[in-house]
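The values are calculated or read from the model by the stated rules, or taken from the named source; none is laboratory data. Values in this document were obtained by computation on a predicted structure and should not be read as measured data. Here the Cβ positions follow ideal geometry from the backbone for every residue, glycine too, while neighbour counts run over all protein chains shown. Each accessible area value is taken on the protein alone, full model and side chains, heavy atoms only, with ligands, DNA and RNA left out. Shrake-Rupley method; radii C 1.70, N 1.55, O 1.52, S 1.80 Å.
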Amino acid sequence: MVDLSVDISGLKLKNPIMPASGTFSEDLAEVFDLDRLGAHVTKTITRGWRDGNPTPRVCEVNGSMLNSIGIPSKGVGAFIEKVVPFYAHYETPLVVSISGNTADEFATLCSEVSVPGVAAIEVNISCPNIEEDGKAFAIRPSSTHDVMRKLRAATDLPLWAKLTPNTGETSEVARAAEEGGADALVVANTILSMAIDINTRRPKLGNLMGGLSGPSLKPIALRMAYQCARATKIPVIGCGGISTVEDVIEYLIAGASAVQVGTATFIHPTIMLSLIDGLEDWLSNQGLSSVKDLIGSVIDGEQDESVVFMEAAP
Amino acid sequence: MDDVPSIKAFELPLSVKSNEPVNGEYRLLVLAAPHDILKRCRAGQFFHLLCPQAGGETPYLRRPMSIYGFYPEKGELHFLYKVTGAGTRALATLSLGDRLNVLGPLGEPFTIADDWQDLVLVARGVGLATLAPLALEANRLGRRLTAICSARHPDYLMSTDYFESLGADVITLTDAEGTSDLDNLEKVIEGLIAAGRADAFYTCGSNRMLRLLQTIGERHGIPGQIALEQQMACGIGMCHCCVRPFTRGNRQVHLRVCREGPVFDMMEAIAW
């Protein structure tokens, strides 16, 4: 019997597989038993009503996806009234993803969603910061630190900071989030991208640009998860392009304590169940009794020359 | 608050029984499907199909496709489609015994109110595929049915024999014969109304037809339903990719085609 349970800064999960925000909702309960998952992670909510971006909101690119949904939200009131009671039917902990236009608005929302039934708050600091001319909070260490400090003061619940790959300062941002009070890091959100229809010469997304997700994102997000795990002492939750058990295992070896599965659920709605079962089988076949034995087990010391097979170009 | 939802949609691989052209533009895909899936299907619902990789093309997202027919007694699920892009090109390569991963049945179906005795189906081209199972349901309920089928050419008229076999009066309009223009369509529909043969309209796919039916519906107080299409990612309501605007009261709302639809109140739909 393999122990799949993991601990995210005191929050116990029965397995390390959970959905990524924006790719999960109550609707999925009509396809499988949601209590199989390690955690439930909601779509990002905002304080007030948001309609989201113009259509088309999605297009596919070479085995991956671009989206510009634009965080449609019914607001915090409707969320607490309707969504939180729905998840109370399940034992699986509920993680609420939130977003705000300013640090103060973010903190107010953080306080408002700190209600019974919510186990942790995932802060989507990858969204535009209106006070910083639209740049995402998590692009820079200073704005990451500032917003996390305000969020930390606004709630006693565990705070998971969802980082953006649209930064050149991954480790610095991760440390700033930790110092600001994050209990865990979710690494990472989508990469700002674009696609153009060559026949119409128009961008394929109504919002012109959007976020890349799916298998293309994985090597980049995996690298970031590795960097963040080395740069901080708080748990890292890997997110980006996971669609196979091997992907899950890679993230865990890189240092992630758990993973989030996003776009792959659009392709196979039951994939998270396959990943849970597949991970258990793989660990068992490896003779490992706990998934914890795998976390951060990457061998990243000096490479043995005998396994270096690429020759220098002439 | 209801209890925990029951399982309503299924992801499973189905075996291809046939996949043949029905005319120069359309193909009929017949899948062998379990009885317990087929008995859940309703007219107007759709399946989200995981198109295979074929011919160097790799369709990534699933493709929504309305149910053309579902037959629990035969164990068959039918889709009528036109080859237009990478997904449908890949679907066209499927042959006997191949497996196709499907997710469904999904979405809100057509409804037929108790006092809608005379139904008018109006559609063009492949839009008729979506209305075909509605005709079967209308026949089962003993409602009178008129199917106005429009196409570019008489050779591309779809399902007219099928509608006739269900007792429908079929009216065909084609570009080639110069009968499919909106003015003529309006005359045909007004004729049905004058004869007391139009309690409700059902349509699918065409912007111009929607506008016309909304105008006629408002003029005579005749309700209707429309099955809409939109690009989708998840197909079950999670991603909010497939929203469209609708008019409710005095305000505009965005609704998900996959979840709140694909069938909507015809008067609430906003033409595009």
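For the condition surrounded by 20 or more Cβ atoms within 10 Å (Cβ to Cβ) and more than 7 Å from chain B (Cβ to nearest Cβ), A:Leu4 does not qualify. Of all residues in region B:234-268, those satisfying the criterion of being surrounded by fewer than 23 Cβ atoms within 10 Å (Cβ to Cβ) and either in contact with a Pro (Cβ under 6 Å, 6 or more places away or on another chain) or assigned to a strand (DSSP E or B) (or both) are B:Arg244, B:Pro245, B:Phe246, B:Thr247, B:Arg248, B:Arg251, B:Gln252, B:Val253, B:His254, B:Leu255, B:Phe264, B:Asp265. Here B:Val126 meets each of (1) aliphatic (A, V, I, L, M); (2) closer than 30 Å to A:Glu30 by Cα; (3) open to solvent by 50 Å² or more (accessible area, probe 1.4 Å) with one exception, condition (3). Which residue is nearest to the other protein chains (Cβ to nearest Cβ), if the candidates are limited to region A:208-226 and must be under 15 Å from A:Tyr251 (Cβ atoms) and more than 13 Å from the chain's Cα centre (by Cα)? Step by step, filter region A:208-226, then rank; the result is A:Pro215. Exactly one residue among A:Gly77, A:Gly70, A:Gly38 is under 19 Å from B:Pro245 (Cα atoms) and of a type outside the set (Ser, Thr, Tyr), and that residue is A:Gly70. For region A:174-188, the condition of being out of contact with any helix residue (DSSP H, G or I) (no Cβ under 8 Å at 6 or more places or on another chain), surrounded by fewer than 16 Cβ atoms within 10 Å (Cβ to Cβ) and at pLDDT 95 or above holds for none of the residues. Of the strands (runs of 3 or more DSSP E) lying entirely inside region A:209-311, those containing at least 1 residues that are under 26 Å from B:Ile7 (Cβ atoms) and not hydroxyl-bearing (Ser, Thr, Tyr) are A:256-261. Across region B:4-15, a minimum of one residue is classified as assigned to a loop (DSSP other than H, G, I, E, B), more than 16 Å from the chain's Cα centre (by Cα), of a type in the set (Val, Ile, Thr) and within 14 Å of chain A (Cβ to nearest Cβ).
When region B:190-209 is filtered for residues that are surrounded by 12 or more Cβ atoms within 10 Å (Cβ to Cβ), modelled with pLDDT of 95 or more and in a loop (DSSP other than H, G, I, E, B), the ones remaining, listed by number, are B:Arg197, B:Ala198, B:Asp199.
Residues considered: B:Arg259, B:Arg219, B:Arg211. Of these, the only one that is among the charged types (D, E, K, R) and within 30 Å of B:Leu103 (Cα to Cα) is B:Arg259.
Here B:Gln231 clears all of (1) more than 16 Å from the chain's Cα centre (by Cα); (2) open to solvent by 70 Å² or more (accessible area, probe 1.4 Å) except the condition numbered (1). Looking across region B:75-84, the residues that are open to solvent by 10 Å² or more (accessible area, probe 1.4 Å) and over 13 Å from B:Pro21 (Cβ atoms) come down to B:Gly75, B:Glu76, B:His78, B:Thr84.
Of the residues A:Val118, A:Val84, A:Val31, A:Val113, the single one that is touching a residue at least 40 places away in the same chain (Cβ under 8 Å) and over 26 Å from B:Gly261 (Cβ atoms) is A:Val113. Checked against (1) more than 14 Å from chain A (Cβ to nearest Cβ); (2) in a strand (DSSP E or B); (3) more than 13 Å from B:Asp265 (Cα to Cα), B:Leu212 passes all but a single condition, namely (2).
Of all the criteria given as (1) open to solvent by 40 Å² or more (accessible area, probe 1.4 Å); (2) assigned to a helix (DSSP H, G or I); (3) not polar (S, T, N, Q), the one not satisfied by B:Ala138 is (1). Across region B:85-122, the number of residues qualifying as farther than 26 Å from B:Leu136 by Cβ, within 14 Å of another protein chain (Cβ to nearest Cβ) and either part of a loop (DSSP other than H, G, I, E, B) or open to solvent by less than 20 Å² (accessible area, probe 1.4 Å) (or both) comes to 3. Within region B:23-81, work out how many residues are within 14 Å of chain A (Cβ to nearest Cβ), more than 17 Å from the chain's Cα centre (by Cα) and part of a loop (DSSP other than H, G, I, E, B). Final tally of qualifying residues: 9. Residues in region B:47-56 that are closer than 22 Å to A:Pro215 by Cα and either in contact with a strand residue (DSSP E or B) (Cβ under 9 Å, 6 or more places away or on another chain) or surrounded by fewer than 15 Cβ atoms within 10 Å (Cβ to Cβ) (or both): B:His48, B:Leu49, B:Leu50, B:Cys51, B:Pro52, B:Gln53, B:Gly55, B:Gly56.
In summary, strands (runs of 3 or more DSSP E) completely within region A:17-121 and bearing 2 or more residues that are open to solvent by 20 Å² or more (accessible area, probe 1.4 Å) occur at A:58-61.
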